[in-house]
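In what follows, a structure is listed as structure tokens, so that the remarks can point back to it.
The values are calculated or read from the model by the stated rules, or taken from the named source; none is laboratory data. Just so it is clear, the structure is predicted and the values come from calculations on it, not from any experiment. Neighbour counts run over all protein chains shown; Cβ positions are idealised from the backbone, glycine included. What goes into the accessible areas is simple: the full protein's heavy atoms, side chains included, and nothing from ligands, DNA or RNA. Shrake-Rupley method; radii C 1.70, N 1.55, O 1.52, S 1.80 Å.
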Amino acid sequence: MRTYLGLMFVGLLLLCAVCSFLSDVFLTWPNFLNILTASATIGLLAIGASFIIGSGGLDLSVGSLMALSSVVAIQFSTHSPFPFLQTLCLCLVVAAVAGGVNGFLIGRKIPAFIATLGMLSLARGLALIFSNGRPVYGLPDSILFLGQGRVIGIPVPVFIFLGIILFCHVLLRHTKFGRYSLMIGDNVNAARNAGIRIQRHLIWLYAFSGMLAAVAGLLFMGRVNAADPNAGMMYELTAITATIIGGTSLSGGKASVIGAVLGALIMSVLQNGLTLVNVPSYYQQVAVGIVLIVAVAFGQWRGGHAATN
Amino acid sequence: MLLRIEGLHKHYGGVHALDDVSLSVDTGTVIGLVGDNGAGKSTLMKCVTGAEKPDHGSIVFDGQPIGLTPFDSRQAGIEMIYQDLDLCLRQDVTANIFLGREDLVHLWGMQTPFMNHKAMNESGRALIQTLNADIDVSKEAGSLSGGQRQAVAIARALLHHPKLLVMDEPTAALGVREITKVLNLIRSLKDQGITVILISHRLSDIFEVADRIVMMRHGKIVDDNAVSETSLTKVTQRLMM
Ligand SMILES: Nc1ncnc2c1ncn2[C@@H]1O[C@H](COP(=O)(O)OP(=O)(O)O)[C@@H](O)[C@H]1O
Ligand SMILES: [Mg+2]
């Protein structure tokens, strides 16, 4: 894993070198901060995806949960005396409950793919209903600060991202929550027979993934100045791609937070670079799709290699 | 009396895997559970550990009705080494030994949520050593040989001094030297007062270590004898019937 992360880092640097060769703007401080801010949103989702995929699951609903949690939170905290606290709590609770429902269903043998695909549609629909299909404006200043503020010249999302990276890395490597997630992905029968309560764990795991999506949603709405019911569309795909580039195996049992973050950086640099050289966003979607398939193919090949060694 | 099973029934679709099974086990004995493939031996023991839920019947362990999940049965002091060993092959040996029983770091007498990797590695290593196995506990379980995997599964089961240890075909995949090790281990567990139920096809193994032989056929117990009152030939004949 260590060597793989090293390889990824070299890949990221190479990608940066290519981008700076193609565009004069790429290697500037403002653009660097741009990339970091963009990677915070995708990175949070990718971290969640690394836990989920490490557990042998899949969460396709995170993009929709970003939108639903932010729309609901803003709609119901406009006249609150504590707008920040109320927005934050509502955001987290809404996404955690929706994620918990995912986990509950998956614990009852509904395939994760189906349960979260349903939630993708359901949550997006609810977000559109609660907002009448239009972006909700009038965000509290404190939320704008989360998305746009700067401390010592560095965007606030970057600090939040760093804090959550550290938290999640510790969660994955040093707590039972992280370990059980991987054990379930590795051999669910072994985990069950060893006394791990699988159904309960899955509820918490998917709620956790939802909450990371909620934080991503907070940062996103702070950045674009509105709770947009169409926010986060297709983000799940970019996040899963980032996670898989990051060395998390689709067959479960292995995951890396740092890998997911490097993957998110690579995806952000790629999108940023493509934008700078004026590739239209439609083509960028094509690129994401290709990267996803190539990353999975490479992962399979790497997995096969490790198994035969 | 450590374990009392009464009137156990279990169906899988149309298969009557357990048909009114009753069995009592005394503390400190070694029971050999034999029977043809599909007789219901594994299913019976899985009902005891909570890995399967019986349709009917009662199980009392150590004076208490047993809970219905693996969590409850492990709490109560029941450990089972399943036939497929139940290892997480992509995790290291220590993680496998401590699965479900992780040590946490304590600070000023208070439990933190953080796992104590150092303590687990040390006691994992020590436990593996007492089993006379030579395994690097930081290696992935998937990279171990069959005998080593068996040792890891045994280490997990013995970690917290169980009252009852169930072993499902523990010697099926082992070589002669390793089989001897397992049999010696069972003897030493018996000396420590741990009750063992050994499911095995190898009657010779059972005759070496068991006090009592229980035979199953088509989901029923058809024979139940003290080892001293029967013989290898008799049991073999009964099995062939
Ligand atoms: N999970 C299962 N699903 C369906 N049938 C099962 C399952 N487990 C066991 N059986 C059936 O129950 C019967 C008893 O199986 P088992 O307890 O594994 O026998 P043994 O361990 O004595 O070989 C067999 O007919 C087997 O096919
Ligand atoms: Mg069996």
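Against the criterion of solvent-accessible heavy-atom surface with a 1.4 angstrom probe, B:101, A:223, A:134 sort, most first, into A:134, A:223, B:101. Dipole orientation for chain A: of the candidates A:209, A:81, A:138, A:209 has the Cα lying most toward the positive pole (charges on Cβ; Lys, Arg +1; Asp, Glu -1). The GNM of chain A, with springs linking C-alpha atoms under 10 angstrom apart, assigns the highest mean-square fluctuation among A:202, A:128, A:45 to A:128. Heavy-atom accessible area for residue B:6, with the other protein chains in place and a 1.4 Å probe, reaches approximately 90 Å².
The mean number of Cβ atoms from other chains found within 10 Å of a Cβ in peptide B:141-154 is 1, as a whole number.
In chain B, the DSSP beta bridges split such that about 60 percent are antiparallel, to the nearest 5. Note on the range B:1-151: with charges restricted to the Cβ of Lys and Arg (+1) and Asp and Glu (-1), its dipole about the Cα centre is near 220 debye. Per-residue 3J(HN,Hα) values for the range B:170-178, derived from phi via the Karplus relation 6.51 cos²θ - 1.76 cosθ + 1.60 with θ = phi - 60°, read x, 9, 4, 9, 9, x, 4, 5, 5 Hz in sequence order (x marks Gly and Pro).
Remark: accessible surface ordering of A:167, A:130 (largest first) is A:167, A:130, probe radius 1.4 Å.
Specify which residue in the list A:4, A:113, A:29 is farthest towards the positive end of the charge dipole of the protein assembly as shown, using unit charges on the beta carbon of Lys, Arg (+1) and Asp, Glu (-1), about the Cα centre. Sorting the options by dipole projection puts first A:29. The C-alpha atoms of chain B define a longest principal axis, and helix B:117-130 lies at about 40 degrees to it. Within the shell defined by Cβ-Cβ distances under 10 Å, the residues around residue A:190 carry a net charge of -1, with Lys and Arg each +1 and Asp and Glu each -1. Ordered by 1.4 Å accessible area with all protein chains kept, A:79, B:160, B:218 run largest first as A:79, B:218, B:160.
Pairs B:53/B:190; A:176/B:118; B:118/B:181; B:41/B:220: which are spaced more than 18 Å apart, C-alpha to C-alpha?
B:53/B:190; B:118/B:181
Taking every residue in B:88-99 and counting other chain Cβ atoms within 10 Å of its Cβ, the average works out to 5.
Going by alpha carbons, how many degrees (0 to 90, nearest 10) lie between the helix axis of B:146-158 and the longest principal axis of chain B? Taking Cα atoms only, the helix is inclined about 90 degrees. For chain A, hydrophobic long helices are taken as DSSP H runs at least 20 Å long by C-alpha position along their axis with mean Kyte-Doolittle hydropathy of 0.5 or more; these are A:2-22, A:29-54, A:83-107, A:112-130, A:156-174, A:198-224, A:257-276, A:281-308. The magnitude of the dipole of the range A:104-203, with charges of +1 and -1 set on the Cβ of Lys/Arg and Asp/Glu and taken from the Cα centre, is near 400 debye. Given the protein assembly as shown, report the % of alpha carbon pairs whose separation exceeds 37 Å. Of all Cα-Cα pairs in the protein assembly as shown, 42 percent lie more than 37 Å apart. Summed over the residues of the protein assembly as shown and divided among them, the accessible surface reaches 45 Å² per residue at a probe radius of 1.4 Å. Counting only other chain Cβ atoms within 10 Å of each residue's Cβ, the peptide A:165-176 averages 2. Ranking A:180, A:258, A:290 by Cα position along the charge dipole of chain A, where only Lys, Arg, Asp and Glu carry charges on their C-beta atoms, puts A:180 farthest toward the positive end. In this view, the solvent-accessible surface of residue B:139, computed with a 1.4 Å probe and all protein chains in place, comes to about 90 Å². When peptides A:56-63, B:65-72, B:179-186 are ranked by their average number of other Cβ atoms within 10 Å per residue, the highest-first order is A:56-63, B:179-186, B:65-72. A viscosity of 1.567 mPa s and a temperature of 4 °C, combined with the Kirkwood radius over C-alpha pairs in the Stokes-Einstein formula, give the range B:133-206 a diffusion coefficient of 99 µm²/s. Heavy-atom accessible area for residue A:152, with the other protein chains in place and a 1.4 Å probe, reaches approximately 150 Å².
Measuring nothing but protein heavy atoms, the accessible surface of the protein assembly as shown at 1.4 Å probe radius is 62 percent carbon and sulfur. Each stretch of four or more DSSP H residues adds -39500 (n - 2.57); spread over every residue of chain A, this sum gives -26000 deg cm²/dmol at 222 nm.
Counting other C-beta atoms within 10 Å, and keeping those with at most 12, which DSSP coil trypsin sites (Lys or Arg not before Pro) do you find in the range A:67-134?
In loop regions of the range A:67-134 (DSSP not H, G, I, E or B), the sparsely surrounded trypsin sites (Lys or Arg not before Pro) are A:108, A:109.
Highest GNM mean-square fluctuation among A:119, A:234, A:66, for chain A modelled with Cα contacts below 10 Å: A:234.
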